[in-house]
Amino acid sequence: MINELAEKEPLTVDHIKELSPHSSQYIVPYNQKRSKRYGLILYTTYNRPGAQDEADNMERSLHTAGFCVEKIEWNDAWELHSKLDSTLQQIACDCSLLVLCLMSHGSRGVLHGGDSHGIIRIYDVLQHLSQLIAEFIPMVRKHTKIFRRKWFSSI
């Protein structure tokens, strides 16, 4: 019955909140009149030639997939968190699904910004997000693991 409602009715975020405890799956309404799928693109151009084009391509892709898209440039850790906070406050009232794209150079679980203290732990960003977004709103994310490659020479 819940799946049928999600497919046919324009559910609000309050409806989703009420129905969520009764479903083993996230509820993302097909009819997006009252709640929307959002794509949030946060990118930095610091030391990244082509970053603007990359962000523009991601924006087009998310639009094509039916998302409302916010594309925001950031330069340092404080600005990233500040822009994330203000944007999520604006979309929280009608967000049914969030896809977050963080675009930056980085390594081993950290992002690099343009300030002198430019290291931002991805874990910290995810923790921050989990405090800002209700638990019944799915956040699409990819968990990456760093694999150490072993090189063998042939005898």
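Values in this text are rule-based calculations from the coordinates and carry no lab data. Bear in mind that the values here come from a model prediction, so they are computed numbers and not experimental data. Glycine also receives a Cβ, built like all others from the backbone with ideal geometry; neighbour counts cover every protein chain displayed.
General remarks:
- Multiplying the residue separation of LYS17 and SER61 by 0.36 nm and subtracting their alpha-carbon distance yields 13.0 nm.
- Per residue Cα convex hull volume in Å³ - calculated over the range 1-46: 97 Å³
- Within the range 1-96: Cβ-based charge dipole about Cα centre, in debye rounded to nearest 20 (Lys, Arg +1; Asp, Glu -1): 220 debye
- Degrees between helix 77-91 axis and first principal axis of the chain (Cα, 0 to 90, nearest 10): 10 degrees
- Rounded tilt (10° steps) of 51-64 against the dominant C-alpha axis of the chain: 20 degrees
- Hits among aspartates and glutamates - C-alpha to C-alpha of LYS36 under 20 Å, sequence gap 8 or more where chains match: GLU4, GLU7, GLU9, ASP14, GLU18, GLU59, GLU70, ASP85, ASP94, GLU135
- Using only Cα coordinates, the Kirkwood hydrodynamic radius of the chain works out to 17.3 Å.
- Only helical runs count toward this figure. For the chain, summing -39,500 (n - 2.57) over DSSP H runs of n ≥ 4 and dividing by all residues gives -10500 deg cm²/dmol at 222 nm.
- Excluding the site residues themselves, the longest part of the chain lacking any trypsin sites (Lys or Arg not before Pro) in a DSSP loop with at most 11 other Cβ atoms within 10 Å is 34-107.
- Calculated on alpha-carbon atoms, Rg and Dmax of the range 16-77 in Å: 15.8, 47
- Computed magnitude of the charge dipole of the range 69-133 (debye, nearest 20; Cβ of K, R +1, Cβ of D, E -1): 220 debye
- Added length on full extension, which subtracts the Cα-Cα distance from 0.36 nm per residue, ASN3 to CYS93: 30.2 nm
- Rounded to 10°, Cα long-axis angle of helix 122-132 versus longest principal axis of the chain: 20 degrees
- Within the chain, DSSP assigns beta bridges of which about 25% are antiparallel (rounded to the nearest 5).
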